[in-house]
Amino acid sequence: MVLSPPVEHRPAAYRAGEPNGAEPTDLDRPAQPPAPSSLARWAWVAAGLLLTGFFMAALLVGGGAPAPPLAGLPDAGAVTGWGSPLVDLAVRVLAVLTVGQLTYAALLAPTGPAAGWTRALRGTTWSATGWLVAEVVALVLTASSVYGVPVTQLSLQAVLALVTELPAGRAAVWVAVLLGVLIVGSASLVSATVRESRGHTRLGAMVLLLVALSAVVVPGVLAGHSAAADNHVPAVLALSVHVVTASLWVGGLAGLLLHGRGRPQAAQAVRRFSALALVCVALLLASGVAAALLVAGPPTLSWIGEGWVWLLSLKTALLGLLAAIGWWHRRRTVPALVTGRPGAFVRLGVVEVALMTLTLAVSVALTASPAPAQRPEAAGTTSDAEDSRVVDDAAPQEAGPGGTATEVNPAPPVRADESEPTPQGSPEDMSGHDHGDLSVSILVDEERFHVAGTVRPGQSVTVYNSSRSAATISALDGSFDADVGPRTFITFTAPAEAGDYDFASRAQGIPAGSFTGTLLVRADP
């Protein structure tokens with residue numbers, strides 16, 4: 001009788017292929033979570049549909065829903081009109097999830113092999129990849145909005161022109177580069193956890209967290225606020241602080257619930273997050289108030305009934321409720337977690353993340369909605385609140401279409417305020433829901449120039465030629481002269497001095513007599 005040798009039972013750390021005595025890289029890796037049930041999948045689908053419906057309702061309330069197309073003007077279509085804000089929401093959610101998982105790995109995770117490092121870094125790789133895909137889709141939809149054509153009619157050349165010509169396109173390139181670094185870096189850290197120490201992994205996660213926060217801030221810095229506005233620096237600073245603190249707070253809690261619950265020393269990670277959340281909430285509220293004042297100015301009675309104000313009030317109420325939940329965490333659920341009863345913390349944390357997601361949706365709807373216009377003190381002046389809002393229908397004396405003249409001659413053409421009204425009876429809104437320098441100042445169609453409104457001295461003036469013929473924007477006094485190819489757009493710098501600058505098109509193939517206009521350059525009142 002042949003006896004087999006006794007089976008040696010070895011700990012999980014001593015697996016085939018690993019050196020004897022090697023410490024496991026992450027004890028949560030062998031214990032794979034159970035596959036989600038069909039009920040759980042349907043719950044996630046229902047939650048996504050509810051969030052989408054809530055977000056679209058917020059757009060309708062705030063006035064950020066796509067406006068009906070105007071006759072004679074290019075229209076990008078409903079896919080672009082509704083898709084742009086929805087993709088913006090997806091970008092924001094994926095960015096927060098990426099920042100949150102890195103926050104857990106860099107700042108919250110306790111030391112030890114069962115801290116959830118590998119899962120957090122692997123999740124970062126996937127969420128950053130989704131973020132990059134959403135950014136590419138957002139760029140295509142932005143090009144569709146700027147050109148005023150459906151996505152199916154866009155060419156690669158048109159999208160590349162957006163990338164090279166406008167701040168929004170250049171910001172998208174920087175974000176893509178940063179996300180590429182983030183994806184490669186997080187994947188490399190996952191593969192290096194077996195060979196390197198935990199200290200190196202935490203340091204690498206900290207570096208990647210800074211990269212992710214830079215990707216969050218770049219769009220606001222490069223394209224989120226008009227550089228010609230007198231409050232440009234304070235607005236960009238308030239916006240940057242607001243999005244960074246929101247990402248750390250919301251994402252940090254999501255990362256904690258995804259990778260820190262039910263683990264040894266979970267109370268240590270919760271205490272760290274509690275301290276971080278307290279600082280983030282204080283900075284978030286202060287920067288939010290500052291941003292609202294910079295966008296819309298001091299509150300007035302004219303704000304009553306404005307959709308933007310309703311959204312701002314809803315966001316404020318949600319933030320107040322979240323602050324109350326945070327206080328309850330510190331008073332009740334965290335002490336219970338320390339004593340080994342994590343259930344209350346997890347349940348309340350899930351509710352908190354759901355409310356945070358709704359707050360995030362309201363924030364994106366606020367960005368897409370027009371803020372209340374600041375009333376000018378005298379006729380002939382325009383509002384300074386141009387951040388994240390639609391260019392308002394200006395008074396005819398400031399934003400009427402270019403006049404018509406029988407021929408181009410040294411005499412000044414018919415002024416914009418003397419021209420006949422448009423067929424719609426009011427000046428056209430040509431900007432869609434563009435931000436800052438992305439707003440179209442001059443539109444060229446098959447019939448004439450359309451001037452959207454006044455510009456400031458030295459501001460970038462964006463011109464879009466929607467016609468099939470080349471045109472020029474040539475000032476009669478020689479202060480600017482720009483060529484605009486068919487179906488494309490360009491930017492040029494407005495004159496440094498305030499004044500009324502008559503211009504015409506000198507291009508061949510266009511009835512020059514009907515293509516005249518006046519660029520109104522106004523200094524801040």
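Set the Förster distance to 45 Å, then compute FRET efficiency between residue 321 and residue 477 from the Cβ-Cβ distance, nearest 0.05.
0.20
For the range 50-368, would you read off the P(r) tail past 28 Å as a percentage of all alpha carbon pairs? Each step should come with its number before you reach the end.
On the way: 22252 of 50721 pairs.
The share of Cα pairs beyond 28 Å in the range 50-368 comes to 44 percent.
Grab the beta carbon distance between residue 282 and residue 79, set R0 = 41 Å, and tell me the FRET efficiency rounded to 0.05. If you can, show how the numbers build up before the last one.
Numbers: r = 41 Å, r/R0 = 0.99.
Efficiency, rounded to the nearest 0.05: 0.50.
Which ³J(HN,Hα) values in Hz, rounded to whole numbers, follow from the phi angles of the range 353-363 under the Karplus curve 6.51 cos²θ - 1.76 cosθ + 1.60, where θ = phi - 60° and Gly and Pro get x?
My calculation for the range 353-363 gives 5, 4, 5, 4, 5, 5, 4, 4, 5, 5, 4 Hz in order.
Quick one: what are the phi-derived ³J(HN,Hα) couplings along the range 205-215, Karplus 6.51/-1.76/1.60 with θ = phi - 60°, whole Hz, x for glycine and proline?
So the J values, rounded to whole Hz, are 5, 5, 4, 5, 4, 5, 4, 5, 5, 5, 5.
Which ³J(HN,Hα) values in Hz, rounded to whole numbers, follow from the phi angles of the range 320-331 under the Karplus curve 6.51 cos²θ - 1.76 cosθ + 1.60, where θ = phi - 60° and Gly and Pro get x?
Result, ordered by residue: x, 5, 5, 5, 5, 5, x, 4, 5, 4, 5, 7 Hz.
What number comes out for the charge environment of residue 101, summing +1 per Lys or Arg and -1 per Asp or Glu over other residues with Cβ under 12 Å away?
Numbers: positive: 119, 122; negative: none.
Computed value for this residue: +2.
How far apart, in nm, are two points set 7 Å out from the Cα along the Cα-to-Cβ line at residue 350 and at residue 304?
Between residue 350 and residue 304, the simple spin-label model gives 4.4 nm.
Determine the gain in length on full extension of the stretch residue 155-residue 498; use 0.36 nm per residue of separation and subtract their C-alpha separation, reporting nm with one decimal. List each step's numbers first, then the result.
Numbers: separation 343, 0.36 × 343 = 123.48 nm, distance 3.76 nm.
Taking residue 155 through residue 498 to full extension adds about 119.7 nm, to one decimal.
Gain in length, residue 188 to residue 170, computed as 0.36 nm per residue apart minus the alpha-carbon separation, to one decimal in nm?
Values: separation 18, 0.36 × 18 = 6.48 nm, distance 2.74 nm.
So the chain would gain 3.7 nm between residue 188 and residue 170.
Values quoted throughout were computed directly from the atomic coordinates according to the rules given, and no laboratory measurement underlies them. Bear in mind the structure is a predicted one, so any value in this text is a computation, not a measurement. Because the Cβ atoms are built from the backbone with ideal geometry, glycine has one as well, and the counts that use them run over all protein chains shown.
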